[in-house]
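Novice: Dropping the structure in here first, questions after.
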Amino acid sequence: MYKYDQYDQAMVDARVEEFRDQTRRRIAGDMNDDQFKPLRLKNGLYLQLHAYMLRVAIPYGTLNSQQMRKLADIARKYDRGYGHFTTRQNLQYNWIKLEEAPDILAELATVEMHAIQTSGESIRNISADQYAGAAADEICDPRPWAELLRQATTFHPEFSYLPRKFKIAVISAKTDRAALRWHDCALRIVRNEAGEEGFEVYAGGGMGRTPFIAYPIRDFLPAKQIFSYLQAILRVWNLHARRDNIHKQRMKILVHELGEEEFRRQVEEEFQNFLALGTDFPQAEYDRIAAYFTPPPFETGLSEEIDRSDPDFALWVDRQVAPHKAPGYAIANISLKPIGGIGGDITADQMDVVADLAERYSFDDLRATHVQNLVLPHVRKADLYTVWQVLREAGLADANLDLVTDVIACPGLDYCSLANARSIPVAQEIQRRFADMDRQLDIGELKIKISGCINACGHHHAGHIGILGVDRKGTENYQLLLGGSGAEDTSQAKITGPGFDEAGIVDAVERTVERYRDLREPGERFLDTYRRVGLDPFKEAIYG
Amino acid sequence: MRILTGNDLKTGAVIWWTGQDWSLHVEDASDVGDHGEAVLAREDGARRVNGGYIVDAEATPKGPRPAHIKDRIRALGPTVRPDLTLKPADPTAGDWVI
Ligand code: HEM
Ligand code: SF4
């Protein structure tokens, strides 16, 4: 993985000291909240319902055991013994004290981590396929490109005061595990007929109150021109964005209002200007960064056998293990979705367990996923049983990846000051309702995603079943949406009709699932059946 | 009744105006009538509160109960972590929120 050089470290250290001084001045009264708020947000520090919240960036979702142990230490020392993995592969702490925030950032800096650009009108943490460098189906590791773009855009003056936030994702497989086209700028690495590497580029995606799926704007962009192209996209947006209206500032609105064609035309025009400036990454720089992502020294001649004699283990293997590109290895997914737990939450002790596993069994490599789970990317098949036993001991061996209980939920009204309704209790109730493993397996792949308000942090627009919390005269109310997807078959979910209270929404989900079981044809997932029969049969089941 | 709330500047903790000072417990909150804005301006200026605002509440035998669920959750803590709420030993605390 990437290692900071002296410049990275100097910048991050300087930033910590700058924030220490800003915090001191705020506490001493030299700054009021209006002056301080933008500064703390630039360092990932929000004020939430119960305390300050700190969002720590995990670049493209990759971390090592030392970093994970540091996250655990911080959870113990400065928080209440746990953290929350988010849908953007970041980690949030919920109980931070302002006076301690600079010390936390200083501790993070010792393991090459920070909270820069995890908030505000900036280019946010770049996300990537959590199987990067391991997936059997990828063309190449997408992370060198993510890292190059991270370096080129961090602290870049033109991108420091963007009209609004800007989210980038990079993948290199056909299977989309990163909700690619729900990003402002989505990059998929492909090869052309001549075998050259390039990007398929999509622009203008996003969730929030006005969801859009990113449009394809380039089928093939030669890989080494990516920075020119990205700058061109940002330049066009920066020029025209509706800075006067907070609901219209995201790039998706501009792409929509200009129209796909005109947006593309302007980007191509700016692109020519940038190409002439020669700001793209030189090959030597690409090579330097790519060297950090050299595959680990995989052993050869390993056995492909997995001893499945323990049925609980066999079940876990079937659900949680994915094919690896190296013979004898596998990708192991760790569920953070125990039945009735809080999705994405992990205790400090569990973090330490996972860090140990990564160190011993996965070349010191760990990933966070946008579905709020974790991944050990490079495990020898022969070690899977041991890994599973350790996970089980730590309460981390649920076998529910992509099943009905693998629910994404934002913090909602239990933590978030923007929320209309609680998300977590709804997720827990759904999990309890569908806890029976045979029933879960019979239902098959079904992705439920819950947001506590229109901002869509819980990806409800992309849920096979989405749930949106709304405020109905001061009480919590939930709308049901069907038919979304954040995978390669991206689609936007549609609202079924009037909303429900907390008990009602869980019943509605169950009626939806039962109707699917009645209607499905062999081999059909929920989403396939929905797409074949449409909304009406489900509406009838839900509203009678 | 109308009560005042906000967050402690240094710790971020949810606090309620008692009439003289700030308390962690909503039970201690006092009715500010029409003086809310003035108290907030003074307390904010003195950095004793951050992001303060006025809340409608109902007077009950157990003390003020904020009208909006968001403020009741702020008063208690996350409903999904009873162990971390201000009343961890009280199994009925959650009922007060809903
Ligand atoms: C608790 C503090 C949080 C605050 C104040 C917050 C705020 C927001 C806001 C205002 C938006 C809408 C932005 C827009 O449309 O321009 C948004 C979108 C989003 N947030 Fe959060 N959020 C929070 C936590 C989270 C968490 C915990 C997650 C992950 C679980 C998350 C992931 C996202 C995602 C994926 C989007 C959609 C991005 C898009 O519109 O394309 N956020 N958030
Ligand atoms: S969707 Fe709304 S309630 Fe949920 S975390 Fe985002 S802003 Fe908060």
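The values are calculated or read from the model by the stated rules, or taken from the named source; none is laboratory data. This one's a predicted model, so the numbers in the text were calculated from it and none came from an experiment. Cβ atoms come from the backbone with ideal geometry, glycine included; neighbour counts cover every protein chain shown. When the accessible area is computed, the model is the full protein with side chains, heavy atoms only, and any ligands, DNA or RNA have been set aside. Shrake-Rupley method; radii C 1.70, N 1.55, O 1.52, S 1.80 Å.
Novice: Tell me, which residue of the stretch A:508-529 that is free of Cβ contacts under 8 Å to residues at least 24 places away in the same chain and within 30 Å of the chain's Cα centre (by Cα) is surrounded by the most Cβ atoms within 10 Å (Cβ to Cβ)?
Specialist: Of the stretch A:508-529, the ones free of Cβ contacts under 8 Å to residues at least 24 places away in the same chain are A:518-524, A:528-529.
Next, from what is left, pick out any that are within 30 Å of the chain's Cα centre (by Cα): A:523-524, A:528-529.
Details: A:GLY523: 7, A:GLU524: 16, A:ASP528: 17, A:THR529: 19.
Ranking the qualifying residues of the stretch A:508-529, first place goes to A:THR529.
Novice: Turning to a different aspect of this structure: Out of all the residues in the stretch B:85-98, is one or more within 11 Å of another protein chain (Cβ to nearest Cβ), part of a loop (DSSP other than H, G, I, E, B) and either at pLDDT 95 or above or touching a His at 6+ places or on another chain (Cβ under 8 Å) (or both)? Steps first, answer last, please.
Specialist: From the stretch B:85-98, those within 11 Å of another protein chain (Cβ to nearest Cβ) are B:85-86, B:94, B:97-98; that's our starting set.
Still in the running and part of a loop (DSSP other than H, G, I, E, B): B:85-86, B:98.
Remaining after also requiring either at pLDDT 95 or above or touching a His at 6+ places or on another chain (Cβ under 8 Å) (or both): B:86.
Scanning the stretch B:85-98, I find at least one residue that is within 11 Å of another protein chain (Cβ to nearest Cβ), part of a loop (DSSP other than H, G, I, E, B) and either at pLDDT 95 or above or touching a His at 6+ places or on another chain (Cβ under 8 Å) (or both), so the answer is yes.
Novice: Mind listing whichever residues of the stretch A:399-419 are more than 26 Å from B:GLY77 (Cα to Cα) and out of contact with any strand residue (DSSP E or B) (no Cβ under 9 Å at 6 or more places or on another chain)?
Specialist: Narrowing the stretch A:399-419 to residues more than 26 Å from B:GLY77 (Cα to Cα): A:399-404.
The answer is A:ALA399, A:ASN400, A:ASP402, A:LEU403.
Novice: When A:VAL267 is evaluated against the numbered criteria (1) assigned to a loop (DSSP other than H, G, I, E, B); (2) crowded, with 20+ Cβ neighbours inside 10 Å; (3) in the same structural domain as A:ILE233 (by TED's automatic domain parsing), which criterion, by number, is the only one it fails?
Specialist: (1)
The rows are residues; the columns are (1) away from ligand 1 (no atom under 16 Å from the Cβ); (2) over 19 Å from A:HIS84 (Cβ atoms).
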| position | (1), (2) |
| --- | --- |
| A:ALA355 | yes, no |
| A:LEU376 | yes, yes |
| A:GLN389 | yes, yes |
| A:GLY412 | no, no |
| A:SER423 | no, no |
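Novice: I would also like to ask the following. Taking the residues in the stretch A:419-434 that are hydrophobic (A, V, I, L, M, F, W, C) and within 10 Å of chain B (Cβ to nearest Cβ) as candidates, determine which candidate is nearest to ligand 2 (Cβ to nearest atom).
Specialist: Kept after step one, since they are hydrophobic (A, V, I, L, M, F, W, C), are these residues of the stretch A:419-434: A:419, A:421, A:424, A:426-427, A:430, A:434.
Keeping just the survivors that are within 10 Å of chain B (Cβ to nearest Cβ) gives A:419, A:421, A:424, A:427.
On the way: A:ALA419: 3, A:ALA421: 8, A:ILE424: 10, A:ALA427: 12 Å.
The extreme case among them is A:ALA419.
Novice: Follow-up. Counting just the residues of the stretch B:60-71 that are open to solvent by less than 80 Å² (accessible area, probe 1.4 Å) and more than 10 Å from every other protein chain (Cβ to nearest Cβ), which one comes out farthest from the chain's Cα centre (by Cα)?
Specialist: Among them, the one singled out is B:THR60.
Novice: Could you say which residue among A:GLU107, A:GLU18 is more than 23 Å from A:GLY344 (Cα to Cα) and among the acidic types (Asp, Glu)? Full working, then the answer.
Specialist: Details: A:GLU107 fails: more than 23 Å from A:GLY344 (Cα to Cα).
Answer to the check: A:GLU18.
Novice: Can you work out which of the residues in the stretch A:199-227 that are over 30 Å from A:LYS494 (Cα atoms) and either in the same structural domain as A:HIS461 (by TED's automatic domain parsing) or in contact with a strand residue (DSSP E or B) (Cβ under 9 Å, 6 or more places away or on another chain) (or both) is surrounded by the most Cβ atoms within 10 Å (Cβ to Cβ)? Give the derivation first.
Specialist: Applying the first criterion (over 30 Å from A:LYS494 (Cα atoms)) to the stretch A:199-227 yields A:199, A:220-227.
Cutting the leftovers down to either in the same structural domain as A:HIS461 (by TED's automatic domain parsing) or in contact with a strand residue (DSSP E or B) (Cβ under 9 Å, 6 or more places away or on another chain) (or both) gives us A:199, A:220-226.
Working: A:PHE199: 24, A:PHE220: 15, A:LEU221: 19, A:PRO222: 14, A:ALA223: 20, A:LYS224: 15, A:GLN225: 18, A:ILE226: 22.
This residue is A:PHE199.
Novice: Something else now. Among the numbered criteria (1) at negative phi; (2) away from ligand 2 (no atom under 16 Å from the Cβ); (3) in a loop (DSSP other than H, G, I, E, B); (4) open to solvent by 30 Å² or more (accessible area, probe 1.4 Å), which single criterion is violated by A:ALA382?
Specialist: For A:ALA382, the failing item is (3).
Novice: For the stretch A:78-179, which fully contained strands (runs of 3 or more DSSP E) count at least 2 residues that are open to solvent by less than 20 Å² (accessible area, probe 1.4 Å) and at pLDDT below 95?
Specialist: On the way: elements: A:82-85, A:91-96, A:168-171.
Output list is empty.
Novice: With within 13 Å of ligand 1 (Cβ to nearest atom) and more than 24 Å from the chain's Cα centre (by Cα) as the only criterion, which of A:ARG235, A:ARG242, A:ARG209 stands out?
Specialist: Working: A:ARG235 fails: within 13 Å of ligand 1 (Cβ to nearest atom); A:ARG209 fails: more than 24 Å from the chain's Cα centre (by Cα).
Of A:ARG235, A:ARG242, A:ARG209, the one residue that is within 13 Å of ligand 1 (Cβ to nearest atom) and more than 24 Å from the chain's Cα centre (by Cα) is A:ARG242.
Novice: If you take the residues of the stretch A:426-449 that are out of contact with any Phe, Trp or Tyr (no Cβ under 9 Å at 6 or more places or on another chain) and within 16 Å of ligand 1 (Cβ to nearest atom), which of them is nearest to A:ARG319 (Cα to Cα)? Outline the logic, then answer.
Specialist: Step one: of the stretch A:426-449, the residues out of contact with any Phe, Trp or Tyr (no Cβ under 9 Å at 6 or more places or on another chain) are A:427-439, A:441-442, A:448-449.
Narrowing the set further to residues that are within 16 Å of ligand 1 (Cβ to nearest atom) leaves A:427-428, A:448-449.
Working: A:ALA427: 20, A:GLN428: 20, A:ILE448: 17, A:LYS449: 19 Å.
Going through the qualifying residues, I end up with A:ILE448.
Novice: Within the stretch A:1-26, restricting attention to residues that are open to solvent by less than 40 Å² (accessible area, probe 1.4 Å) and within 13 Å of another protein chain (Cβ to nearest Cβ), which residue is nearest to A:ARG367 (Cα to Cα)?
Specialist: Within the stretch A:1-26, the match that is nearest to A:ARG367 (Cα to Cα) is A:THR23.
Novice: OK, next. Could you please give the count of residues in the stretch B:1-47 that are surrounded by fewer than 21 Cβ atoms within 10 Å (Cβ to Cβ), among the aliphatic types (A, V, I, L, M) and more than 14 Å from chain A (Cβ to nearest Cβ)?
Specialist: 4
Novice: Hey, among the residues in the stretch A:27-46 that are more than 11 Å from chain B (Cβ to nearest Cβ) and free of Cβ contacts under 8 Å to residues at least 24 places away in the same chain, which one's most open to solvent (accessible area, probe 1.4 Å)?
Specialist: Going through the qualifying residues, I end up with A:GLN35.
Novice: When the stretch A:404-431 is examined, which residues are found to be outside any loop (DSSP other than H, G, I, E, B) and more than 22 Å from B:ILE69 (Cβ to Cβ)?
Specialist: Step one: of the stretch A:404-431, the residues outside any loop (DSSP other than H, G, I, E, B) are A:408-409, A:412-414, A:424-431.
If the condition is that a residue be outside any loop (DSSP other than H, G, I, E, B) and more than 22 Å from B:ILE69 (Cβ to Cβ), then A:ILE408, A:GLN431 are the ones that fit.
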